[in-house]
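One structure is given here, and the rest of the page talks about it.
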Amino acid sequence: MPLLRWTWQGLSEDAFAGSLPEFRPADTETVIDMMQGRYLLASKLVDTEGTSPFSIDVDHEDWLQALHGFAWLRHFREVRDEGSKRFARTLVLDWIGREGQFDPDSWAPGLTAQRVLNWLRHYPLLTEGATPEQASSIARVLGTQVQSLKVRARFVTTPHERALVAAALVGAALCDDEGRGNVEKYATRLRQVLEKQVDADGLHRSRSARIQLNLLVEAATIRLALIRDHADLAHELGAIVDAMHGALDTLTLGSGEPAYFNGTGQIAHDLLVAVQAQSPERRRDGGSRLLSGYGRLVCGPATLIADAGLVPDLAFSGDATSSAMAFEFSHGTELIVGNCGPAPAELPDSKPLFRGGTAHTGPTINARSADELTERGPLNGYLRSLAPAIEASLDAEEQSLVLHTAGYEAEFGVTLERRMTLLNEGRTLVGQDKALAAGEEVSGVVTLRFHLAPGAEIWHGTSENIARVYLSSGTTWTFLWEGAEMREEESVRQSAHFGLHRTRQIVLEAPVEPGHEIAWIFTLEEG
């Protein structure tokens with residue numbers, strides 16, 4: 001509203017002193033590329049040919065979000081060359097010249113909060129060496145953004161954006177000499193927001209490792225900033241942050257990637273390591289466990305993470321996926337089987353497809369998903385459960401995980417059960433999928449999909465029930481099955497650096513019959 005914008009612009013003459021800590025890794029090659037006009041952000045490379053990245057039209061929402069969020073400033077923090085520092089400051093001043101007035105897209109609450117936090121992390125970089133007019137302009141626009149967040153905080157509806165705004169207000173109070181009296185108020189508010197959004201296991205209620213990591217970056221930063229002068233507040237916030245670290249560990253495979261569920265795609269490994277290193281009390285739980293509707297099996301060097309199919313509450317389900325009984329499986333540092341990940345930004349019309357069951361290593365019936373993606377009305381794009389989630393069961397001694405879904409009961413008359421067991425020090429994964437009658441009429445065709453790691457090739461010889469999977473590393477896995485027809489199809493897997501990797505998938509298919517079981521095995525070939 002114009003009146004509110006006038007109000008916060010009238011209160012924006014803040015003078016910031018100090019900065020927030022920065023622990024994320026820096027890459028000097030990124031600085032070189034940006035100074036030459038090449039901007040690799042959110043898996044898309046854009047060559048501006050020397051013009052400002054803020055002056056060109058790019059049809060890639062994720063790239064624009066990354067550009068306007070300014071997390072890339074961290075790559076300039078260790079440069080000694082004055083020209084490089086001046087280049088970073090020039091980009092900020094250019095943004096101010098073009099976007100310094102309110103715009104509903106570039107000033108969206110979550111994006112504004114991340115930009116505020118990133119400017120505060122690198123405030124000395126932006127102001128040291130600047131002219132008085134430049135420094136004043138940066139301080140003024142930064143203050144305007146902070147004031148806008150104060151006014152708009154109560155109106156933010158997306159949960160994780162609400163948490164980002166709360167973190168930004170703590171950061172601004174810590175870096176504003178006149179606002180330090182508000183640190184306790186805003187830190188308490190951040191803790192309260194996280195307590196509502198993070199469950200008892202330490203996982204964000206979106207059940208997304210991507211959102212979990214994004215919030216951890218900011219919450220861990222605020223905890224570090226609080227430690228020196230507000231140790232009690234840092235301790236209170238730290239209990240939640242440490243629990244979030246543990247949950248993110250649980251959802252991370254041996255390959256170093258968090259499992260691709262609920263909008264999570266590839267995350268840079270160095271960023272993940274840097275974030276997880278910020279928990280002084282962290283003790284990595286490498287064992288098998290159940291967590292927030294996920295099941296994790298660990299046996300030797302093998303790790304399996306599966307989704308029991310818990311659909312988040314409506315407010316948190318905007319990026320949720322229908323991935324009941326899907327799993328990802330790694331051996332050592334190598335991914336064997338996974339999911340496709342989220343749709344790339346350049347294919348917005350494909351988002352529903354990538355959120356459905358066919359994009360995951362789990363069962364579907366008649367190509368339907370176990371949950372419904374709302375396509376119209378005020379809830380457009382939110383995932384809705386078709387049946388209550390059934391709690392998973394885990395036998396740690398047997399290294400066995402059992403999952404069920406009732407999402408197909410109303411339409412097809414069956415519930416599905418999947419049992420997965422790791423054997424032979426993790427060199428063998430045994431799976432059993434069974435249809436259990438739950439109604440008078442049973443119908444449909446059940447399909448099991450196994451999306452393979454990028455670079456994998458499939459050889460299916462004359463034997464009807466055996467195939468070999470050759471991974472790009474040279475490792476070979478034998479795949480055996482019974483109770484279904486097998487075919488091979490194309491697949492994709494999301495990459496933060498290359499977009500979509502083309503890969504392959506094994507597809508098993510059989511008519512739905514009460515009690516019918518499809519058995520399958522992945523086993524590592526030795527030698």
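Derivation of every value follows stated rules applied to the coordinates shown; laboratory data play no part. Everything numeric in this text was worked out from a predicted model, so none of it was measured. Positions of Cβ are backbone-derived with ideal geometry, glycine not excepted, and every protein chain shown enters the neighbour counts.
Listed values, structure above:
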| quantity | calculated |
| --- | --- |
| When each of 150/351; 150/185; 85/150 is checked by Cα-Cα distance, pairs over 22 Å | 150/351; 85/150 |
| Mean Cα-pair separation over length for the range 34-157, i.e. relative contact order, pairs under 8 Å, 6 or more apart, % | 23 |
| Residue 370 long-range amide H proximity, modeled H, under 5 Å | 324, 357 |
| Loop sites in the range 272-366: GluC sites (Glu not before Pro), DSSP, at most 14 other Cβ within 10 Å | 281 |
| Centre separation in Å (Cα based) which lies between the range 266-343 and the range 165-226 | 23 |
| Sparse-neighbour loop sites [GluC sites (Glu not before Pro); the range 398-441; at most 15 other C-beta within 10 Å; DSSP] | 398, 440, 441 |
| Ellipticity estimate at 222 nm from DSSP helix runs (n ≥ 4, -39,500 (n - 2.57)) divided over the chain, nearest 500 | -10000 deg cm²/dmol |
| ³J(HN,Hα) computed for each position of the range 505-515 - Karplus, 6.51 cos²θ - 1.76 cosθ + 1.60, integer Hz, glycine/proline x | 9, 8, 10, 10, 9, 7, x, 6, 9, x, x |
| Average Cα contact separation per residue, the chain, under 8 Å, 6 or more apart, as relative contact order % | 11 |
| Helix runs (DSSP H) in the chain reaching 27 Å along axis by Cα, Kyte-Doolittle at least -0.5 | 132-152, 231-250 |
